[in-house]
1. Starting from the Cα gyration tensor of the stretch 29-113, take the square roots of the eigenvalues, sort them a ≥ b ≥ c, and report rounded, prolate or oblate (rounded when a/c is under 1.5, otherwise prolate if a/b is larger than b/c, else oblate).
2. For a quick protection proxy, order the peptides 145-154, 254-263, 22-31 by their average other-Cβ count within 10 Å, most packed first.
3. Compute the FRET efficiency between residue 15 and residue 67 as 1/(1 + (r/R0)^6), taking r as their Cβ-Cβ distance and R0 = 45 Å, and round to the nearest 0.05.
4. Please report the antiparallel percentage of the DSSP beta bridges confined to the chain, to the nearest 5.
5. Per the Debye formula with a single identical scatterer at each Cα and no solvent contribution, what log10 I(q)/I(0) holds for the stretch 138-248 at q = 0.12, 0.14, 0.22, 0.23 Å⁻¹?
6. Taking 0.36 nm per intervening residue step and subtracting the Cα-Cα distance, what contour gain separates residue 195 from residue 107 on full extension?
7. Answer rounded, prolate or oblate for the chain, using the Cα gyration tensor with square roots of eigenvalues a ≥ b ≥ c: rounded when a/c is under 1.5, else prolate when a/b is larger than b/c, else oblate.
8. Would you kindly state how much longer the chain becomes between residue 57 and residue 131 on full extension, computed as 0.36 nm times their sequence separation minus their alpha carbon distance, in nm to one decimal?
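What follows is calculated from the coordinates using simple rules that are stated; it is not laboratory data. Just so it is clear, the structure is predicted and the values come from calculations on it, not from any experiment. Quick reminder, even Gly has a Cβ in these numbers, built from the backbone with ideal geometry, and neighbours come from all protein chains shown.
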Ligand code: NAP
């Protein structure tokens, strides 16, 4: 079994992006910029945002965090987004989720200029992705896609089973695989006989949030299995895939942690640079 080393592949991607930022700096005498808006004091969000800033700076991007207290008015955040939309030094804007209840998530997402939407959540980008056009793609499924392509560059005709249909993971994942000419099945909590569906997959992507849901006998021999799940348990952080069992049948499998996770931030950096490049067109 090939253990898909997300840490290593993410480091290679970051190195490539650093070279790209250096060459942008030489050519245009400026660098792409990422601004993250962080609202409130939710500890995991603070850690994610700090890691995003650190990674952005390491590859030479301009990086800024705008912090607001948890009781900030929605209007204040919307006005800030308007300001960032007009700022030529800002290539990408990300509003860290989750948001406090009094702030309308969809309103915030739709206020971001789609050309600066590094999360790929704006309906404009969602539509472009589903139409097969160029767009920002949500970072986690983009990371999964790049990992799959490392193992199998030609995905045409492969049968892919996506478990989970969230806007964040399952749906964009399915669109990316469809674009690669996979035959895609999207499954969810109402799917009947999930085991039988998974058994058909040359590629299985689990993005559910249930520890070790996907068992060894759900997986076809030599399938590629991508585990998006991050579940805090007494055993520590584990994925949606029963790692030991599945590793005996799969051709390639991502570990948790160290698989998809590191790719998510690397893809945010990639999206920021891609937004900058599209702004030049
Ligand atoms: P989500 O919005 O809660 O969606 C979960 C999906 O799983 C839903 O579509 C749900 O179906 C489906 N589901 C629930 N129970 C199921 C079952 N028994 N069988 C089949 N499908 C089932 O979650 P998410 O935001 O996509 O995140 C999924 C997991 O990925 C979580 O563990 C999260 O922590 C992790 N994650 C990891 C990263 C990373 O960087 N590695 C990034 C983001 C999220 P319904 O639609 O029918 O409810």
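1. Oblate is the answer for the stretch 29-113, as a/c is 1.5 or above yet b/c matches or exceeds a/b.
2. Highest-to-lowest ranking by the protection proxy: 254-263, 145-154, 22-31.
3. It comes out at approximately 0.90.
4. DSSP beta bridges in the chain are roughly 10 percent antiparallel.
5. -0.36, -0.49, -1.27, -1.39
6. So the chain would gain 27.9 nm between residue 195 and residue 107.
7. prolate
8. So the extension gain works out to 23.3 nm.
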